[in-house]
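Remarks on the structure that follows.
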Amino acid sequence: MHYGASSASHNNKPTMVANDTRYQESMGSQILSFIDKSMINDHYNCKAKCPKATSAKCQNGGFPHPRKCSECICPSGYGGALCDQRVSSKCPECKCPPQTHLFFKPTGCGQTLKAKESKQFLIDKLGFPSGVRDEFAFCNHWIEAPEGKKIEIKINSISHGYAHDGCILGGVEIKTSEDQTRTGYRFCSPNDRNTVLVSASNRVPIITFNRSGQHQIILEYKIVP
């Protein structure tokens, strides 16, 4: 949890600059991070409720759920009992008016995509035409490449109207770090066009999120050596 990059600014210029400037738009997010959850469970000693020998062997940095040690609490983009599966969806209520169903992605949104050496596109539309909602809707994708290969992600376009500190209305999270417990880089401004990221491994979770209107995000991806 953090203030936004321009909080308390008198001229809309940044009052804080991230050491890794690609995290600049992530500061001020209203989405609880996995590391926040892990630290809270450490603080209250909740993790001690799950004996290591008999609890779930969580992958990708997850940890056993203190109330159900056979299952894991997972970093963003990962799900399943052991954090080894793509999250099919994270729609808090999914109680959208019937007339909006053409715009709102249903349960199970997201896909696993196979990168090639030639450029491909991920086009993601999320949300529905209405005002600001209390809860975020999420859509989870994985982009994968053969073992030993890396993936280049390039932002092609992001809808206008979402460029706020912390991407508090919507955006995209791109997880290229070797440490998958860390929140990915979040982007929500049209000015992020042509930003290029290269993965540390052969998998990149992509999480889109929205709680205002409908946005479209287009990413380019391909295998790099």
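None of the figures in this text is laboratory data; all of them are computed from the coordinates on show. Predicted, not measured: the structure shown is a model, and the values here were computed from it. All Cβ positions, even for glycine, are placed from backbone atoms using ideal geometry, and neighbour counts span all protein chains on display.
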*What's the percent breakdown of Cα-Cα distances in the chain across 10 Å bins, shortest bin first?*
8, 31, 35, 21, 5, 0
*Say we join alpha carbon atoms closer than 10 Å with springs in a Gaussian network model of the chain; which of Ala56, Ala18, Ala145 then has the biggest fluctuation?*
Ala18
*In debye, nearest 20, what is the charge dipole magnitude of the chain about its Cα centre with +1 on Lys and Arg Cβ and -1 on Asp and Glu Cβ, if you could check?*
380 debye
*Taking all pairs of different Cα atoms in the range 36-86, averaging 1/r and flipping that mean, what Kirkwood radius in angstroms comes out?*
10.7 Å
*What is the order of Thr54, Thr183, Thr208, fewest Cβ neighbours within 10 Å to most?*
Thr54, Thr183, Thr208
*Could you name the aspartates and glutamates in cross-link range of Lys116, using Cα to Cα under 12 Å and dropping any fewer than eight places away on the same chain?*
Glu144, Glu152, Glu220
*asked:* Here is the link list: Lys37/Lys68; Lys47/Lys114; Lys114/Lys175; Lys37/Lys57; Lys57/Lys125; Lys125/Lys154. Which ones come out longer than 27 Å on Cα distance?
replied: Lys47/Lys114; Lys57/Lys125
_Candidates Val204, Val132, Val87: whichever shows maximal mean-square fluctuation once the chain is modelled as a Gaussian network with Cα springs under 10 Å_ = Val132
*So what is the relative contact order of the chain, in percent, for Cα pairs below 8 Å that sit 6 or more residues apart?*
23 percent
*What percent antiparallel are the DSSP beta bridges of the chain, to the nearest 5?*
95 percent
